[in-house]
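Step one of this worksheet: look at the structure below.
The values are calculated or read from the model by the stated rules, or taken from the named source; none is laboratory data. All figures in this text were calculated on a predicted structure; none of them were measured in a lab. Here Cβ is always computed from backbone atoms with ideal geometry, including for glycine, and neighbour counts include all displayed protein chains. When the accessible area is computed, the model is the full protein with side chains, heavy atoms only, and any ligands, DNA or RNA have been set aside. Shrake-Rupley method; radii C 1.70, N 1.55, O 1.52, S 1.80 Å.
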Amino acid sequence: NIKQQDFELKIFSGINDWNTKLDFLYQPNQRNTIKFGANYTYHEFTPGNASGRSGEVIFEPDEIYKQYSNEGALYFSNDIEVSDVLKIHAGLRYSSFQHSGKITFLEYLNNDLTGSDDNYRHVEPRLSFRYKLTTTSSIKGAYTQNYQYIHLASTSSVSLPTDLWVPSSPAIKPKFADQYALGYFKNLNDNMYETSIEAYYKEMTNLIEYKEGVLPEDNTNSSSDDAFTFGDGDSYGIELLFKKNKGRMTGWVGYTISKTTRFFDDVNNGIAFPAKYDRRHDLSITASYKLNDSWDLSSVFVYATGNAITLPTERYIIGDNIYTEYTSRNGFRMDPYHRMDIGATYTPKKKRKYESSWNFSIYNVYSRKNPYFIYFDIEAPEGEDGSIQEGNLTPKAYQVSIFPILPSITWNFNF
């Protein structure tokens, strides 16, 4: 909801899902575990609708624009202990997605079996293994293929949270990813400590981005298919973990260094650029301390590289028109995100009929002003109106932050 002087704009979007699933587990022997099942989801999208006001003039849609999709899957997986040192997980998933109005489940099922132009069907294999080097160390590896039929469209030129979820359609193909992972895992001191290092690499195709100059409100109250362009991407990184499992003090330290890049012929002059949610550094530290039988103390610290966004760098006038120059796509980094939370949980002695606990916590202890979005305003010299023609207006960037220090009390009980 954006308000400025006599202008107001509201943009809203959402998804409603109806989901059902059925899962089975069969274990013919101790070394073989089979899982199989099916699931179905009916999606109702409100991809982007807008209403607004300019002075006394109000504009709003005659009806809310919606899109409907059906998504289903069948899967089969098998965990096999080949030997005392080697374990293999193999799986296969058949997925189907249809974007065709308010179609019934039986019609969807019939189209899925017979085929239709607006129905995507894919087979997704996955394979992973664990090989024990010693009783306390092992190597794990995995390969997966995934299709994603719902897309997240992010506007890098607007740091507001205006991301939209849009379904695949005849014009928007499903995303596809190949992912590889390999890691080394080691337990220490009779499993008191866990350590691991794992590397991954992912290749992605059929990714979507907004076309140059397109904003979320440009395609509200209608299909947004024409607002997007398509390209590829990759993501790779290394994850480190140190975890303490036993004793009064438990917790972990996890750190990931990674890079996520996009490659679009029609964006950023064809030059590779970072994804909006590219996180070069991601750190989390947690600790829990059992003071006695009634009191437990805890704390969490998180740090992450800031979002990559596109900001204006210059603004100039030619005739009566104002032109704006921007950085390269996602060429500016917002400040990093970090905060610390602390908490204490009191658990009284168990009653005969129920048990309960009290949690006292403080979110964002040092009230870090993490960036939520950035907006620009124009300032005139003090005591003057200022004008663009005279060149005495100064654009200035402002950062908006939410969720400062927040204490809370929670009572949990069960019976």
For the stretch 300-311, how many residues meet the condition of being open to solvent by less than 40 Å² (accessible area, probe 1.4 Å) and over 17 Å from the mean Cα position of the chain (by Cα)? 2
Every pair of residues 6+ apart whose Cβ atoms lie under 7 Å, when the first sits in the stretch 300-323 and is closer than 30 Å to residue 289 by Cα while the second is open to solvent by less than 90 Å² (accessible area, probe 1.4 Å) and in a loop (DSSP other than H, G, I, E, B): 303/336; 304/279; 304/336; 305/279; 305/280; 305/336
Within the stretch 360-370, the count of residues that are in contact with a strand residue (DSSP E or B) (Cβ under 6 Å, 6 or more places away or on another chain) and open to solvent by 40 Å² or more (accessible area, probe 1.4 Å) comes to 6
Residue that is loosely packed, with under 15 Cβ neighbours inside 10 Å, at pLDDT below 90 and not in a strand (DSSP E or B), where the choices are 84, 62, 112: 62
Per the filter on the stretch 226-244, residues farther than 15 Å from residue 207 by Cβ and either open to solvent by less than 60 Å² (accessible area, probe 1.4 Å) or within 22 Å of the chain's Cα centre (by Cα) (or both) are 236, 237, 238, 239, 240, 241, 244
Name the residues in the stretch 147-180 that are aliphatic (A, V, I, L, M) and either open to solvent by less than 20 Å² (accessible area, probe 1.4 Å) or at pLDDT below 90 (or both), would you? 152, 153, 158, 160, 164, 166, 171, 172, 177
All conditions in (1) small (Gly, Ala, Ser); (2) in a strand (DSSP E or B); (3) free of Cβ contacts under 8 Å to residues at least 40 places away in the same chain are true of residue 383 except (2)
Does residue 11 fit the bill of being modelled with pLDDT under 90 and surrounded by 11 or more Cβ atoms within 10 Å (Cβ to Cβ)? yes
